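**Student:** Sharing a structure, written as structure tokens. Questions coming.
Each reported figure results from applying straightforward, stated rules to the coordinates on display, with no laboratory input. What you see is a predicted model, and the numbers here were worked out from it, not measured in a lab. All Cβ positions, even for glycine, are placed from backbone atoms using ideal geometry, and neighbour counts span all protein chains on display.
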Amino acid sequence: MQLPEPPKIAAVEVVPAQPTEADRAAIAHMGLKEAKAVYVVKVRLKAKPPVTSMAWALYVGDERVSKYWEYKDGIYFVVFDPQFFVRHKGKRLRFSQNDTDFFDTDVELAPAPSVAEGNAMPLQSDVLN
Amino acid sequence: MTVAEETGELRNPGLPGIDEFDTLIYGSPPLAYPATLSQYVIYNTPDPAYVTGRINVSAFANLGSAPWPFTNTNVPLNGHICIPRGRGPFPLAVFAHGNHNPFENSTPGYLYLCQLLASHGIIAATIDVNFLNGFNFGENDARAIVHLEHLKQFRTWDSTAAHPLHGKVALNRILIVGHSRGGEAVGHASFFNRLAAIGAVILDGSAGLGPYRFGLSAAAAIAPTDRQFIPATGPTVVPDSYFIIHGSKDSDVFTFEGYHTYERAHAVDLANPTVSDGKFKAMLWVHKANHNQFNSVWAPETPPGVAMPRPSQEQIARVHLGALALAVLLDRRKYFAVLRDHALATAWDPAGTELVSQYQDPKRIFVQHNQEGLAPPVVSLPVQGTVAADGVAAARQLSALVGGAPTTTITLRLAWNSAGTRLLLQVDPATLPAELYKAIALRVGQSNEAANTVNRDQDFTLEVSSGSRTAAFRASSLHRLLFPDPPPFGAAKIVMQTLRLPVARLVECGVDPSDLRSIALVFDRRQTGVVYTGDLQFTN
């Protein structure tokens with residue numbers, strides 16, 4: 001049997017979207033400014049690994065993404081604080097199964113697009129279709 | 001008292017009991033599952049008395065990409081339940097599956113265990129958490145919330161005058177069991193059960209979730225993951241009694257993640273080393289068991305011939321989870337003997353099964369726990385004494401015996417190259433009230449390093465002295481110290497066995513436990529070897 005291989009990333013895209021009600025509550029709890037938009041970071045995979053209980057934790061630089069979710073082309077996570085993109089500008093995405101051994105991808109976190117005042121934000125479910 | 005005397009005439013806990021029971025489905029209709037999710041249609045027609053509500057888990061999780069006919073703001077409480085006939089009240093056991101292909105319903109995979117427990121007079125359910133399955137990460141807090149909300153549903157039924165379960169659920173006797181990511185989640189559930197809020201989510205029922213504060217008798221994890229979800233306060237420390245079972249051929253959770261959960265639970269408090277939180281923990285490491293065969297509907301993840309046959313693995317689950325349930329839920333305390341020493345179950349397990357087990361009782365005093373630091377080993381306070389290594393290299397290491405993830409637990413590595421070397425712990429008997437305890441317990445295991453012979457049990461002698469009387473016991477007379485089973489991939493796991501030497505045997509040999517002066521590990525049975533020890537305790 002072979003050790004599982006980490007997912008391979010095809011592209012990363014950051015899309016602003018409306019915060020959900022749960023997002024708003026979490027943003028308020030974190031003491032962040034009320035947000036018009038959150039940022040959906042879509043990580044398109046070349047192939048989705050099989051569904052297992054062991055997981056590939058996704059890191060941006062040295063910071064572990066606490067949760068990510070599956071969509072049809074790969075995985076995504078939601079960022080509440082735009083400073084995340086400032087903090088991790090130019091940092092690469094990495095995978096690890098044990099927080100000890102890391103697999104670097106060649107893919108950097110994409111910058112957050114600016115959110116123009118007055119523009120209606122799409123729903124998160126819409127940006128994932 | 002011998003094990004046989006302690007246990008009396010125990011019946012195999014893996015065999016069905018005498019209680020008749022009914023099996024039914026509960027659920028949250030209407031649920032218009034699409035054809036691709038046809039395995040879930042059964043939840044659209046639950047027993048009419050067992051219609052449930054929906055819950056909002058959006059603060060914890062998004063759903064995967066399967067076409068669920070609901071969103072994360074209104075997920076259903078679906079499950080299968082086996083209910084003993086009779087007046088009750090009956091204890092409750094609730095099982096949760098882990099991550100798997102969401103197009104296959106994982107829930108019925110623990111009915112074989114639910115049926116066993118129900119036949120012994122326990123209400124047993126297996127719950128639907130499939131909507132959290134997929135190529136997701138970090139959602140195990142949501143799995144815990146779903147598990148607790150199912151318990152809340154049982155509490156609601158128990159308190160509803162017209163309901164068939166009214167007054168039938170013993171809410172102070174609850175066992176939560178989870179497999180895989182569901183196994184990690186029972187640890188979080190045990191933790192969340194005591195909380196008033198998680199982040200922004202208030203758990204008082206005002207927003208739908210909680211309150212909980214159930215009387216959890218134990219949390220049991222089958223081949224769990226660890227730390228995929230990490231609370232803001234740090235990795236979860238399971239506050240309830242904890243049981244874990246894991247297979248050496250697990251090719252999904254191949255790093256034995258739950259070992260870390262086990263080590264964090266009920267660990268020594270360095271500031272108050274004699275204080276116990278009153279909970280036990282127990283571990284069962286099953287050679288040749290894989291990951292998926294604990295769930296009766298999951299296809300094995302290992303190639304043919306690698307793991308033990310599925311019926312054998314299910315039999316082991318029945319015997320040992322059955323013993324746990326009978327001990328903690330039905331107060332048949334003699335079954336704790338199975339947790340303390342798996343050898344008691346030899347006649348009930350499949351022939352030739354090789355197991356390694358650990359047990360830590362709530363009542364214990366550490367003679368050596370090794371958590372003071374990486375300096376040379378010492379006798380642990382408040383016991384006073386000295387440690388001398390004679391011809392044996394004794395080094396404390398902060399290394400995960402099971403490989404993989406970082407650990408915070410220190411173990412003592414003992415290596416010798418000639419027979420007759422020893423590690424001697426001399427203690428001041430005035431600081432060690434050994435006569436108050438039933439056994440000496442030493443956690444020790446061999447590695448697959450070259451000093452150990454492949455596939456040969458390791459062995460040594462345990463010498464215990466009081467004044468002029470010394471008693472010697474071969475470790476192998478207490479338990480086998482198995483050579484590590486080769487893993488499917490990755491490093492071999494060093495899983496320590498708890499050796500329990502009854503204090504009564506010391507007394508029989510003339511050793512006065514109230515005047516105990518020394519304990520020695522004498523490496524006289526093998527010319528060379530390497531073993532790792534976790535802790536040495538006097539315990540019940």
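**Student:** Based on the alpha carbons, how large is the Rg to Rh ratio for the protein assembly as shown when Rh follows Kirkwood?
**Tutor:** 0.99
**Student:** Output the Kirkwood hydrodynamic radius of segment A:17-62, Cα pairs only, in Å rounded to one decimal.
**Tutor:** 13.6 Å
**Student:** Given the rule -39500 (n - 2.57) for each run of at least 4 DSSP H residues, summed and divided by the residues of the protein assembly as shown, what is its mean residue ellipticity at 222 nm, to the nearest 500 deg cm²/dmol?
**Tutor:** -4500 deg cm²/dmol
**Student:** For segment A:1-96, take the alpha-carbon Rg, divide it by the Kirkwood Rh, and send me Rg/Rh.
**Tutor:** Values: Rg = 14.5 Å, Rh = 14.6 Å.
Ratio value, two decimals: 0.99.
**Student:** I would also like to ask the following. If you count, for every residue in B:250-256, the Cβ atoms of partner chains within 10 Å of its Cβ, what is the mean?
**Tutor:** Average per residue, whole number: 4.
**Student:** Continuing with the same structure: How many nm is it between the label spots at B:Asp331 and A:Val107, if each spot is 7 Å from the Cα in line with the beta carbon?
**Tutor:** For the pair B:Asp331/A:Val107, the computed spacing is 5.8 nm.
**Student:** Something else now. What are the ³J(HN,Hα) couplings of segment B:364-372, residue after residue, when phi is run through the Karplus curve with 6.51, -1.76, 1.60 and θ = phi - 60°? Round to Hz, x for glycine and proline.
**Tutor:** Each residue's phi maps through the Karplus curve to give 7, 10, 7, 8, 8, 10, 6, 8, 5 Hz.
**Student:** Follow-up. Hey, what's the Cα Rg ratio for segment B:357-514 versus the globular rule of thumb, 2.2 N^0.38 Å? Each step should come with its number before you reach the end.
**Tutor:** Values: Rg = 16.1 Å, N = 158, 2.2 N^0.38 = 15.1 Å.
Ratio of Cα Rg to 2.2 N^0.38 Å: 1.07.
**Student:** In peptide A:20-27, what is the residue-averaged number of other protein chain Cβ atoms found within 10 Å of each Cβ? Don't skip to the end; give the middle numbers.
**Tutor:** Numbers: counts 6, 4, 11, 2, 1, 7, 5, 1.
Going residue by residue through A:20-27 and averaging, the value is 5.
**Student:** Putting +1 on Lys and Arg Cβ atoms and -1 on Asp and Glu Cβ atoms, find which of A:Val78, A:Met30, A:Thr100 reaches farthest to the positive end of the dipole of segment A:9-114.
**Tutor:** Of the listed residues, the answer is A:Val78.
**Student:** May I ask you to derive the FRET efficiency for A:Lys46 and B:Leu195 from their Cβ-Cβ distance with R0 = 51 Å, giving the value to the nearest 0.05?
**Tutor:** Efficiency, from the Cβ-Cβ distance: 0.80.
**Student:** Can you give the mean number of other chain Cβ atoms that lie within 10 Å of the Cβ atoms in peptide A:89-102?
**Tutor:** Numbers: counts 0, 0, 0, 0, 0, 0, 0, 1, 6, 10, 4, 6, 2, 0.
So the per-residue partner count for this stretch is 2.
**Student:** If you take the alpha carbon radius of gyration of chain B and divide it by 2.2 N^0.38 Å, what ratio comes out, to two decimals?
**Tutor:** So chain B has a normalised radius of gyration of 0.99.
**Student:** Also, I was wondering about something else. For chain B, calculate the relative contact order in percent as a whole number, restricting contacts to Cα pairs under 8 Å that are 6 or more residues apart. Don't skip to the answer; put the middle values down first.
**Tutor:** Working: 1345 pairs, mean separation 63.8, N = 540.
Value for chain B: 12 percent.
**Student:** 7 Å from Cα along Cα→Cβ at both B:Ala232 and A:Ala116: what's the point-to-point distance in nm?
**Tutor:** So the two model labels end up 3.7 nm from each other.
**Student:** Which value in nm describes the separation of the simple spin-label points at B:Gln397 and B:Arg11, placed 7 Å from the Cα toward the beta carbon?
**Tutor:** Going by the 7 Å Cα→Cβ label model, 4.7 nm.
**Student:** How do A:Arg44, B:Arg194 line up, fewest other C-beta atoms within 10 Å first? Before the final figure, lay out the partial values.
**Tutor:** Working: A:Arg44 16, B:Arg194 13.
The order, fewest Cβ neighbours first, is B:Arg194, A:Arg44.
**Student:** What residues qualify as long-range amide H neighbours of B:Gln497, i.e. H under 5 Å apart, gap of 5 or more or another chain, H built at 1.01 Å from N?
**Tutor:** B:Val444, B:Gly445
**Student:** Got a sec? How would A:His88, B:His166, B:His188 order by Cβ neighbour count within 10 Å, fewest to most?
**Tutor:** B:His166, A:His88, B:His188
**Student:** Quick one, what does Rg over Rh come out to for segment B:192-267 if you take C-alpha atoms and the Kirkwood Rh?
**Tutor:** My calculation puts Rg/Rh at 1.03.
**Student:** Neighbouring Cβ atoms within 10 Å as the yardstick, rank B:Cys82, B:Cys114 fewest first.
**Tutor:** Numbers: B:Cys82 23, B:Cys114 26.
Sorted ascending by nearby Cβ count, the order is B:Cys82, B:Cys114.
**Student:** Tell me, what ³J(HN,Hα) does each residue in segment B:525-533 have, in order and in whole Hz, if you take phi through Karplus 6.51 cos²θ - 1.76 cosθ + 1.60 with θ = phi - 60° and put x for Gly and Pro?
**Tutor:** The phi angles translate into 9, 9, 5, 9, x, 9, 10, 10, 10 Hz.
**Student:** Moving on to the next point. So what's the gap between the Cα centers of segment A:82-123 and segment A:1-60, to the nearest angstrom?
**Tutor:** For segment A:82-123 versus segment A:1-60, the Cα centre distance is 9 Å.
**Student:** Quickly rank B:267-278, B:128-139, B:407-418 as a protection proxy: mean count of other C-beta atoms within 10 Å, highest first.
**Tutor:** Numbers: B:267-278: 12.9, B:128-139: 25.2, B:407-418: 19.2.
Final packing ranking: B:128-139, B:407-418, B:267-278.
**Student:** Taking every alpha carbon pair in segment B:300-360, what does the distance histogram look like in 10 angstrom bins from 0, in percent?
**Tutor:** 21, 48, 24, 7, 0
**Student:** Also, quick follow-up: Of the candidates A:Pro111, A:Pro49, A:Pro19, which one comes out as most mobile in a Gaussian network treatment of chain A with C-alpha springs shorter than 10 Å?
**Tutor:** Result for chain A, Cα springs under 10 Å: A:Pro49 fluctuates most.
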